Amino acid sequence: MQRKTKIWIVAIVGLLAFGGLLSLFEDKPEKAEAEPKTVTAPTKTAEKPAATPSERAKPAAVPSPDAAQREALIRALRTIDAGLVAKEDRAVDRARNVCSDVKGGKDAATVQKNAKSRFEGGTVPTLADDQAANIVTAVKSSFCS
């Protein structure tokens, strides 16, 4: 064979192999079951069917603070510990996550625990429980009411 022909064959085989490799990473649509499952013996716990898209809870929109609310939040966090606002944008993102917990209906202890874990580290290696509670209060009073 000529050199050009060999190059074309190698290129085509390479493209086909690359395409086959890419197809391994494609999302495959879920197939609906053709027949419903039958239970042959009674079970003690009933299986819950998967929620349909309309039944799934839609995530509540997490508010973003406007300029005045952001300033109030930063000021409040700074009074708790100046290290909390070393990176203001990061502090606001973390505060929005705290607000998401509040709006999501999580209990107060969980919201406080999550706030503590979100804000700890870096410039603030550890937070006391009362500081975490103050963070939650700052979030609620500044923009997440």
Looking at (1) touching a strand residue (DSSP E or B) at 6+ places or on another chain (Cβ under 6 Å); (2) at pLDDT below 95; (3) not hydrophobic (A, V, I, L, M, F, W, C), find the lone condition where GLY83 falls short. (2)
Report every pair of residues separated by at least 6 positions or lying on different chains whose Cβ atoms are under 8 Å apart, first residue within region 110-128 and within 10 Å of LEU84 (Cα to Cα), second among the aliphatic types (A, V, I, L, M) and part of a loop (DSSP other than H, G, I, E, B). PHE119/LEU127; GLU120/LEU127; GLY122/ALA86; THR123/ALA86
Here are some conditions: (1) surrounded by 16 or more Cβ atoms within 10 Å (Cβ to Cβ); (2) out of contact with any strand residue (DSSP E or B) (no Cβ under 7 Å at 6 or more places or on another chain); (3) assigned to a helix (DSSP H, G or I). GLU71 meets all but one. Which one does it not meet? (1)
Scan region 63-75 and tell me whether some residue there is at pLDDT below 95 and either of a type in the set (D, E, K, R) or out of contact with any Leu (no Cβ under 7 Å at 6 or more places or on another chain) (or both). yes
If you check PRO59 against the conditions, is it over 20 Å from PHE143 (Cβ atoms) and either part of a helix (DSSP H, G or I) or modelled with pLDDT under 95 (or both)? no
Is it true that some residue in region 13-30 is more than 25 Å from the chain's Cα centre (by Cα) and modelled with pLDDT of 75 or more? no
Condition check for ASP101: out of contact with any Asp or Glu (no Cβ under 9 Å at 6 or more places or on another chain) and surrounded by fewer than 20 Cβ atoms within 10 Å (Cβ to Cβ): no
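The values are calculated or read from the model by the stated rules, or taken from the named source; none is laboratory data. What you see is a predicted model; the values in this text were computed from it and never measured. Neighbour counts are summed over all protein chains in view; Cβ atoms, including those assigned to glycine, are modelled from backbone coordinates with ideal geometry.
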